[in-house]
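**Student:** Take this structure first; my questions come after.
The values are calculated or read from the model by the stated rules, or taken from the named source; none is laboratory data. Remember, predicted model here, so these are calculated numbers, not experimental data. Neighbour counts are summed over all protein chains in view; Cβ atoms, including those assigned to glycine, are modelled from backbone coordinates with ideal geometry. Note: accessible area is taken over every heavy atom of the protein model, side chains too, but ligands, DNA and RNA are not part of it. Shrake-Rupley method; radii C 1.70, N 1.55, O 1.52, S 1.80 Å.
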Amino acid sequence: MDWILRIRKIAWLTRKNLLIGAVSILIFAAIFLIFTPLSIQDGAWVWADWTGLNSEPDISTKTEKIEIDGKVTVIKHITTQEPEEGTTLLDWVNTLIVPFSLTILGYWFQQQQGKQAEEQAELDKEIANTNLLEEALQSYFDRLAELLLDEKLSILTKNDTVQEVALNVIRARTLSILRRLGPDRERKGNIARFLIDAELMSKLNLSDAEFSNADLAGINLENTNLRGAALENVDLRNADLRDAKLENANLENANLADAKLEGVDLRGANLKNTNLVGAKLINAKLTNANLENADLSNARLENANLRSAILENANLTGARMDNASLINADLGNVLLENTNLLNADLSNARLEKANLLNANLAGTDLRGADLRGAINMNLAQIEAANNEVDAIYDEGVRELLGLPPETKSGVLSYQKAS
């Protein structure tokens, strides 16, 4: 684990240094283009005058002569070189730019060293924290293994006092280590699998356990007590949760695709944005559960109790809801395309703007159901339902059904027009 963290940090630093180098090159290129030091004269590249690299110094030679016996003799040549007038680039480089550049470079290097030191300290801290978590997890496993061997829990009876005390100790240690692990999905999954292998999961009271973000895909949690547990963003694909107790549990954004949830108790549970595609929720208890924006396409909900449940904007395409109870449920904007609601109870349910394309409403109780604004609903579907005249419709639908308009008092007449 440590070497993975180190490689990740090194890769990040390399990318950062490459970015700094690229920006520096672009800055120098821009300066070069704006202050071009080269120009073309007579078809040849020459340095610009302001650089001082193309100028010729003014050189003069003075000769001193003497005359001896009528002959002129040269005794000295004096060569004088006059400097070019004005300040050139070379002068600026020598006096300002080089020292300034060295100062900037030193500052930049110092800053980079400071940042690298901070990043290394952060990496070391992360590695230390990882090691501490690993040690805590190993200590948890070791201690539980001792309890299992010393107390021989597997052969004790359910009501045995020794077993009760031992299970309470295991529960306390388990809840503590789960909280300490935070969002560590892998280690949390390892704890759950250890408890299953030790045949402890179904015996423990794991209410209020912190399993959020855990990887529990394919795990067997049958009959497990997870009341009020934190299960946000948990991966429970193909998991077995039959008859599990999940009252008031938080499963927001959880992935329960194809999970076995027959007989599960999810009363008052938070299932917002949950993926329940293909999940089996036959005989499930979902009273007052929040399934807003949940994906229940092709789910099995036969005989499920969804009384007063919130299903607003949920996707129930192709779901099986035979004999399901949806009394007082909120199904506003719900997608019920090809959904089977055979003999379901929708009395007093809210179905405003629901999409009922090809939904099977045969034998469905629509007493008091609010279907105003429902789309893709035809006369044959409504007439196949029970108590259809007692439902609330738009005026156009009421006319098609031969029902009188709504009275001013808001009370509907439930007698079909002759």
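Matching residues to (1) at pLDDT 75 or above; (2) under 20 Å from L181 (Cβ atoms); (3) open to solvent by 90 Å² or more (accessible area, probe 1.4 Å); (4) within 41 Å of the chain's Cα centre (by Cα):
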site	(1), (2), (3), (4)
T130	yes, yes, no, yes
L133	yes, yes, no, yes
A145	yes, yes, no, yes
L148	yes, no, no, yes
K152	no, no, yes, no
N159	no, no, yes, no
V162	no, no, no, no
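**Student:** Can you name the number of the only condition in (1) open to solvent by 50 Å² or more (accessible area, probe 1.4 Å); (2) within 26 Å of the chain's Cα centre (by Cα) that L271 fails?
**Tutor:** With (1) open to solvent by 50 Å² or more (accessible area, probe 1.4 Å); (2) within 26 Å of the chain's Cα centre (by Cα) applied to L271, the lone miss is (1).
**Student:** Next up: State whether the residues of the range 326-340 include one that is touching a residue at least 12 places away in the same chain (Cβ under 8 Å), assigned to a loop (DSSP other than H, G, I, E, B), open to solvent by 50 Å² or more (accessible area, probe 1.4 Å) and under 21 Å from R267 (Cβ atoms).
**Tutor:** There is at least one residue in the range 326-340 that is touching a residue at least 12 places away in the same chain (Cβ under 8 Å), assigned to a loop (DSSP other than H, G, I, E, B), open to solvent by 50 Å² or more (accessible area, probe 1.4 Å) and under 21 Å from R267 (Cβ atoms).
**Student:** Restricting attention to the range 237-250, does a residue exist that is open to solvent by 50 Å² or more (accessible area, probe 1.4 Å), out of contact with any Lys or Arg (no Cβ under 8 Å at 6 or more places or on another chain) and more than 18 Å from A214 (Cα to Cα)?
**Tutor:** Checking the range 237-250: at least one residue is open to solvent by 50 Å² or more (accessible area, probe 1.4 Å), out of contact with any Lys or Arg (no Cβ under 8 Å at 6 or more places or on another chain) and more than 18 Å from A214 (Cα to Cα).
Rundown of residues vs (1) surrounded by fewer than 20 Cβ atoms within 10 Å (Cβ to Cβ); (2) touching a residue at least 40 places away in the same chain (Cβ under 8 Å); (3) in a helix (DSSP H, G or I), yes/no style:
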site	(1), (2), (3)
R180	yes, yes, yes
E199	yes, yes, no
S207	yes, no, no
G218	yes, no, no
E222	yes, no, no
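**Student:** While we're on this one: Condition first: within 17 Å of M377 (Cβ to Cβ), open to solvent by 50 Å² or more (accessible area, probe 1.4 Å) and either part of a loop (DSSP other than H, G, I, E, B) or in contact with a Pro (Cβ under 6 Å, 6 or more places away or on another chain) (or both). Can you find one or more residues in the range 308-319 that meet it?
**Tutor:** Scanning the range 308-319 turns up no residue that is within 17 Å of M377 (Cβ to Cβ), open to solvent by 50 Å² or more (accessible area, probe 1.4 Å) and either part of a loop (DSSP other than H, G, I, E, B) or in contact with a Pro (Cβ under 6 Å, 6 or more places away or on another chain) (or both).
**Student:** Can you spot a residue in the range 353-366 that is touching an Asp or Glu at 6+ places or on another chain (Cβ under 6 Å), among the small types (G, A, S), free of Cβ contacts under 8 Å to residues at least 60 places away in the same chain and part of a loop (DSSP other than H, G, I, E, B)?
**Tutor:** no
**Student:** If the Cβ limit is 7 Å and pairs must be 6+ apart or interchain, which residue in the range 395-418 that is at pLDDT 70 or above pairs with which residue that is among the small types (G, A, S)?
**Tutor:** G402/A417; L403/A417; P404/S413; P404/A417
**Student:** Quick check, is N213 touching a Pro at 6+ places or on another chain (Cβ under 8 Å), of a type outside the set (A, V, I, L, M, F, W, C) and over 23 Å from A145 (Cβ atoms)?
**Tutor:** For N213, the condition - touching a Pro at 6+ places or on another chain (Cβ under 8 Å), of a type outside the set (A, V, I, L, M, F, W, C) and over 23 Å from A145 (Cβ atoms) - is met.
**Student:** Take E126 and tell me if it is over 30 Å from L266 (Cα atoms), touching a residue at least 24 places away in the same chain (Cβ under 8 Å) and either open to solvent by 50 Å² or more (accessible area, probe 1.4 Å) or within 27 Å of the chain's Cα centre (by Cα) (or both).
**Tutor:** yes
**Student:** Residue check: is I375 out of contact with any Phe, Trp or Tyr (no Cβ under 7 Å at 6 or more places or on another chain) and farther than 19 Å from A257 by Cα?
**Tutor:** Considered against the rule, which asks whether it is out of contact with any Phe, Trp or Tyr (no Cβ under 7 Å at 6 or more places or on another chain) and farther than 19 Å from A257 by Cα, I375 comes out as yes.
**Student:** Here's something else I'd like to know. From L286, L281, L261, L276, which residue is out of contact with any helix residue (DSSP H, G or I) (no Cβ under 9 Å at 6 or more places or on another chain), crowded, with 21+ Cβ neighbours inside 10 Å and either among the acidic types (D, E) or under 17 Å from F211 (Cβ atoms) (or both)?
**Tutor:** L261
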